[in-house]
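All remarks here apply to the structure that follows.
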Amino acid sequence: MIDLTVAQIADIVGGTLADITPQQAAATRVTGSVEFDSRAIGPGGLFLALPGARVDGHDHAVSAVAAGAVAVLAARPVGVPAIVVKPQAAQDDRASVLEHDADGSGAAVLAALAKLAKAVAAELAAGGLTIIGITGSSGKTSTKDLVAAVLRPLGEVIAPPGSFNNELGHPWTVLRATRDTDFLILEMSARHPGNIAALADIATPSIGVVLNVGTAHLGEFGSREIIAQAKSELPQSVPPSGVVILNADDPMVAAMADVTAARVVRVSRNERSENSGGDVWAGPVSLDEVARPQFTLHAGPAEADVHLAVYGDHQVSNALCAAAVGLECGASVEQVAAALAAAGPVSRHRMHVSTRADGVTVIDDAYNANPDSMRAGLQALAWIAHGDEHPRRSWAVLGEMAELGEDAITEHDRIGRLAVRLDVSRLVVVGTGRSMSAMHQGAVMEGSWGEEVVNVVDATAALSLLRDELRPGDVVLVKASNSAGLGALADALIADDAGRKGAARP
């Protein structure tokens, strides 16, 4: 964060001082990071006292100061230097971000954090910081990682780790930026209309990227049309001096050109024509033996061959959006192509492909899932297993897709049927409940029976089955929403070697 005194921060957030005099607050500077985990605090930091499922951050204020924090942002005095803000009712989506906030203390601290981040972002933007906002129903984190890779040769980049894209992670990421930061990349997620507009108000992007409008969070929004309206809050927030990058292959995204005052750059898998295609586009796309895309990147008269280091045909649109951001920030087409070629998977449990000593290939995409990304994962599995002259056995280990509302049964049924249509050798449906029963039944009704599809109660049972029955050369996709907890299963599979039970089974 930029260097500010405790007094300046108190003035920005509208808080009062506790256990520190005005004179001391004016002389004490926050020179370290802002943290909500007391274990991450270092010298000169500011600690956020937030309520959690098992502990209240207020109870860790003393230890945070002992670890080096110069002050605490809190909703009540905590016995050490603090900026105290009044508890308030949760606003926007803060009730879902902080599930344990009965007295409104967490909402007050989050609101203060947003004010602080907004003030810092405005000051840094005035000094030349480029803020890039990314939204979409799927692919935000993968695209964020690609954008960061493309921009790093051009200057210092701050990007969120993982999926820090809500009312806590977003301002926390903003406050990682300093006066030396050239590019700030922000993911923008939404559970309700107005969420993205609120995040954009904290740090207004000069470049906005919209990837797609899918069915993630369909249970929260009710329809794709309402999801599209929510995603359009990003292009509406970009000022006329900025640029909006739209995936023109998604009609709902392409239509957002009509709601922004900013200049529009379209990306597409097709050349720009009068009614379709992109200003930045990909030539014919092919996949290598492990589903890494290759294509020619075109931008005006310039072109360069791109060999992506990430997996899946769906990454082409993500890479095109990253390329467009890089070109807008001053990179050449050749620089963009080189950066994309070197940009392998970064964030955990997102299309990591690894091959064990026994030849078993594990596709770890266990962090998140919705119908669109689930289809993409299954297609990548099918390509890797059947894409050469020596077909391999394929396993789809699938957990629940969360937040689909009334469409959950139908969508899980469709995924079960798709696994059969893609000739997946074994489908392991993980979990109980109506959605997972629907996925299992969908596969059975599509023509899979016997041992081809099995429904197990949890990840432990799935791992036991895999360790017993995997053969050298098999390909395994592990995918579900994060709440299903399949990340640990994927980690265990990757850690298994030829000496483990079943790993070298003939």
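Observations
- Among 410, 260, the order of accessible area from largest down is 410, 260, computed with a 1.4 Å probe on protein heavy atoms.
- Per residue solvent-accessible surface (Å²) - the chain, probe of 1.4 Å: 40 Å²
- Counting Lys and Arg as +1 and Asp and Glu as -1 over every other residue whose Cβ lies under 10 Å from the Cβ of residue 483, the net charge comes to -2.
- Lysines with Cα under 22 Å of residue 115, excluding same-chain neighbours fewer than 8 positions away: 86
- 141, 16, reordered so the largest accessible area comes first (probe 1.4 Å): 16, 141
- Magnitude of the charge dipole for the stretch 128-342, about its Cα centre and with charges confined to Cβ atoms of Lys, Arg (+1) and Asp, Glu (-1), is about 360 debye.
- Fraction of the pair-distance distribution of the stretch 287-388 above 17 Å, Cα-Cα pairs, percent: 54 percent
- Each Lys and Arg contributes +1 and each Asp and Glu -1, all at the Cβ; summed about the Cα centre of the stretch 6-163, the dipole is approximately 240 debye.
- The relative contact order of the stretch 128-342 comes to 19 percent, based on Cα pairs under 8 Å that sit 6 or more residues apart.
- Normalised contact order of the chain, rounded percent, pairs of Cα under 8 Å and 6 or more residues apart: 10 percent
- Cα-projected label distance for residue 432 with residue 276, points at 7 Å along beta-carbon direction, nm: 4.8 nm
- Residues of the stretch 260-281 falling in the label zone of residue 303, defined by backbone nitrogen less than 17 Å from a point 7 Å along Cα to beta-carbon, are 268-273, 277-281.
- With 0.36 nm allotted per residue and the present C-alpha distance subtracted, the residue 3-residue 464 stretch has 160.7 nm of extension available.
- Normalised by the number of residues in the stretch 142-198, the mean separation of alpha-carbon contacts (under 8 Å, six or more apart) gives a relative contact order of 36 percent.
- The reciprocal of the average 1/r between distinct C-alpha atoms defines the Kirkwood hydrodynamic radius, which for the stretch 352-495 equals 14.6 Å.
- Cβ-based net charge around residue 380, under 9 Å, with every Lys or Arg adding one and every Asp or Glu removing one: -2
- Residue 249 accessible area, assembled protein chains, probe 1.4 Å, Å²: 60 Å²
- Net charge dipole size for the stretch 238-328 [Lys, Arg +1 and Asp, Glu -1 on Cβ; Debye, nearest 20]: 220 debye
- Nearby lysines by direct alpha-carbon distance to residue 144 (threshold 23 angstrom, same-chain neighbours under 8 apart not counted): 118, 231, 479
- Dmax and Rg, reported as Rg then Dmax, of the stretch 4-111 (C-alpha, Å): 12.9, 38
- Cβ-based net charge around residue 321, under 14 Å, with every Lys or Arg adding one and every Asp or Glu removing one: -1
- For residue 75, the residues whose amide H sits under 5 Å from its own are 85, ignoring neighbours fewer than 5 places away on the same chain, with H placed 1.01 Å from N.
- Between amide H atoms placed 1.01 Å from N, distances below 5 Å from residue 453 occur with 427, all of them 5 or more places distant or on a separate chain.
- Under-5 Å amide H pairs with residue 476, H placed in peptide plane, nonlocal only: 361, 362, 363, 395
- Residues residue 241 and residue 29, FRET efficiency given R0 of 56 Å [Cβ-Cβ distance, rounded to 0.05]: 0.95
- Förster radius 25 Å - calculated FRET efficiency between residue 482 and residue 37, Cβ distance, rounded to 0.05: 0.85
The values are calculated or read from the model by the stated rules, or taken from the named source; none is laboratory data. Source: prediction; values computed, not measured. All Cβ positions, glycine included, derive from the backbone under ideal geometry; neighbour counts span all protein chains shown. For the accessible areas, the whole protein counts, side chains as well, though only heavy atoms, and no ligand, DNA or RNA atoms are used. Shrake-Rupley method; radii C 1.70, N 1.55, O 1.52, S 1.80 Å.
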